[in-house]
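Trainee: Can you keep this structure in mind? I'll have questions shortly.
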Amino acid sequence: MTFSPAGTTTGDWFMQIIIFVLMAYPIVGGCAFIVSAVYYHCFLERHDRPRYLARGEPFITILVPAHNEEEEIAGTVHWLENQLNYPADKYEIIVVDDASTDRTPSILADLQRQYPRNLRVITIVKNRGKAHAFNVAIAYAKGDFLLSNDADTKPNPDALWQYMSYFEREGGQNVGAVTGNMLAANRTTLVALAQFNELNSIIGLIKRSQMSYGGLFAFSGANTMYRKQAVLDVGGWHAEQPTEDIAISWDMQTAGWRALFAPAIRFFLDCPEGLGMLLKQRRRWSSGGIYVLLTKSAGLLKHPVRNFRTMPIIFDYGLSVVWSFLYWISLALFLISQVYFASRGNWERFDHNWYMVGIFVAIEMVVGTVQLALSSFFNDRGRSMKYLLFAPWYMLVYWMVNTWTVCVEFVPTTRKVLAHRDGGMWKSPARSRSLHDVQLDRGNHRDPAA
């Protein structure tokens, strides 16, 4: 598998085209993300930062889904009760206990006694998933705005008023949801550190890139502020979807609501610390993306002009699914061809193929390094630059893990769509032991990841 000299067959030229596509997509795509993210940061982000509220603080309902969250739920509720810089009488917390079988119910009972004024617990007998839990809770929510906050997630202390500033400003009546900047709280293992680099570089950069043309592929399920009216307008969260945050993002934008990314609003979540849990998480993410692509893209493509903001999202994600299959097929063909050339003693072709692979890897590592350097500057003025040497190697693993999960989940997800099976059931991942014993004192206003 390489670029051949003159006189090659049609099959050789076809293989060369495949190689070019495989090499070009991640590199060209990465460069496109960089250029559009820089454009957003330089011309839009600096003028789009949160502002102090001028019309008072609207009432907010914080929705916390919980299924077997005995290790995290107490710390999260304490943080939301004590650390947010927002009037205590202007928000409430609703924890939805979705059929927990561990100590979560007893912990929540203790927390209700400690915070009787604005903590409520809704208990669901049968586990139906996060989207179903939210759809039940919205009937009890007093606020016109709903903050989705996972049981392992802690927003920065100013997050509530910062979120609300986007709804208050000119044109804010058209904003359906605002999602914040997701960062990792734990960096104690190589897997957790890898995710810190991903969230700090790739995810943030991609969302900035998408905001340059005004659309978002997904909200963050861990922390997003929704306008209740917009949620009701699109029929709530879809319980059949594996990832409710992707689905409702597409629904809102299709219905004409604006979806915004607010990079200045930080929230910190507990990332999987083991490779097994990471792969399970990524398989669910891939399944959710494929499910949405198969069920919602046709409706969007019927009105491309009206949905112009989502057209690049559909094109990019659809291409990434195709590329994932091409990647593994080409890798298999490459290895087979290398074995063939080695067995025939054709060391010139053997070495040249590895030479071409080396060029691809080197370019991809450079692109990944630029991505992390820029994102580090965008997010924290370079304080996370100390992880720069780790980034290029992670970029290579990132592509392989994500392409693998897409290929593994494509057929099962397609079957779910065709059979109209419920894809929203959930099982909470194993939580980080490194964060379990962290005490969040009332007077401590530092970021959870500090």
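The values are calculated or read from the model by the stated rules, or taken from the named source; none is laboratory data. All figures in this text were calculated on a predicted structure; none of them were measured in a lab. For neighbour counting, all protein chains shown are included, and Cβ atoms are generated from backbone atoms with ideal geometry for every residue, glycine included. Areas reflect the complete protein model, heavy atoms only, side chains present, ligands, DNA and RNA absent. Shrake-Rupley method; radii C 1.70, N 1.55, O 1.52, S 1.80 Å.
Trainee: Collect the residues in segment 63-92 that are within 19 Å of Gly129 (Cα to Cα), touching an Asp or Glu at 6+ places or on another chain (Cβ under 7 Å) and not in a loop (DSSP other than H, G, I, E, B), keeping them in residue-number order.
Mentor: Pro65, Ala66
Trainee: Same structure, new question: Can you tell which of Ser324, Ser343, Ser330, Ser337 is polar (S, T, N, Q) and closer than 23 Å to Ile246 by Cβ? Please lay out each step first, then the result.
Mentor: On the way: Ser343 fails: closer than 23 Å to Ile246 by Cβ; Ser330 fails: closer than 23 Å to Ile246 by Cβ; Ser337 fails: closer than 23 Å to Ile246 by Cβ.
Criteria check complete, one pass: Ser324.
Trainee: Oh, and also: Output the helices (runs of 4 or more DSSP H) that fall wholly within segment 106-206 and possess 3 or more residues being small (Gly, Ala, Ser), or say none.
Mentor: 130-137
Trainee: Name the pairs whose Cβ atoms lie under 6 Å apart, with the first residue in segment 131-144 and closer than 14 Å to Ile93 by Cα, the second at pLDDT 95 or above and open to solvent by 50 Å² or more (accessible area, probe 1.4 Å), and 6 or more positions between them or separate chains?
Mentor: Final answer for the pair search is Gly143/Phe59.
Trainee: I need the full set of residues from segment 41-78 which are under 16 Å from Pro157 (Cα atoms), among the aliphatic types (A, V, I, L, M) and buried (at least 19 other Cβ atoms within 10 Å of the Cβ), in order please.
Mentor: Correct list: Ile60, Ile62, Val77.
Okay, residues lined up against (1) farther than 24 Å from Leu389 by Cβ; (2) open to solvent by less than 30 Å² (accessible area, probe 1.4 Å):
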{"residue": "Ser201", "(1), (2)": "no, yes"}
{"residue": "Gly214", "(1), (2)": "yes, yes"}
{"residue": "Trp237", "(1), (2)": "yes, yes"}
{"residue": "Phe267", "(1), (2)": "yes, yes"}
{"residue": "Leu275", "(1), (2)": "no, no"}
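Trainee: Given the residues Gly56, Gly11, Gly7, which is the only one that is at positive phi and modelled with pLDDT under 85?
Mentor: So the residue among Gly56, Gly11, Gly7 that is at positive phi and modelled with pLDDT under 85 is Gly7.
Trainee: Looking at Ile314 and the list (1) open to solvent by 40 Å² or more (accessible area, probe 1.4 Å); (2) in a helix (DSSP H, G or I); (3) among the aliphatic types (A, V, I, L, M), which single condition is not satisfied?
Mentor: (1)
Trainee: Same structure again: Please work out which one of (1) out of contact with any His (no Cβ under 6 Å at 6 or more places or on another chain); (2) open to solvent by less than 60 Å² (accessible area, probe 1.4 Å) is the condition Arg381 fails and give its number.
Mentor: Only one criterion is unmet by Arg381, namely (2).
Trainee: Okay, next question. Given the condition closer than 24 Å to Ile206 by Cβ, touching a Phe, Trp or Tyr at 6+ places or on another chain (Cβ under 8 Å) and either of a type in the set (Gly, Ala, Ser) or surrounded by 15 or more Cβ atoms within 10 Å (Cβ to Cβ) (or both), answer yes or no: does some residue in segment 350-366 qualify?
Mentor: Yes, segment 350-366 contains a residue that is closer than 24 Å to Ile206 by Cβ, touching a Phe, Trp or Tyr at 6+ places or on another chain (Cβ under 8 Å) and either of a type in the set (Gly, Ala, Ser) or surrounded by 15 or more Cβ atoms within 10 Å (Cβ to Cβ) (or both).
Trainee: Same structure, new question: Tell me, yes or no, whether segment 156-173 has at least one residue that is surrounded by 22 or more Cβ atoms within 10 Å (Cβ to Cβ), at pLDDT below 95 and polar (S, T, N, Q).
Mentor: The answer is no, given that none of the residues of segment 156-173 is surrounded by 22 or more Cβ atoms within 10 Å (Cβ to Cβ), at pLDDT below 95 and polar (S, T, N, Q).
Trainee: Shifting gears a bit: Taking segment 252-273 as the region of interest, how many residues are assigned to a helix (DSSP H, G or I) and over 27 Å from Trp161 (Cβ atoms)?
Mentor: Residues flagged as assigned to a helix (DSSP H, G or I) and over 27 Å from Trp161 (Cβ atoms) within segment 252-273 amount to 1.
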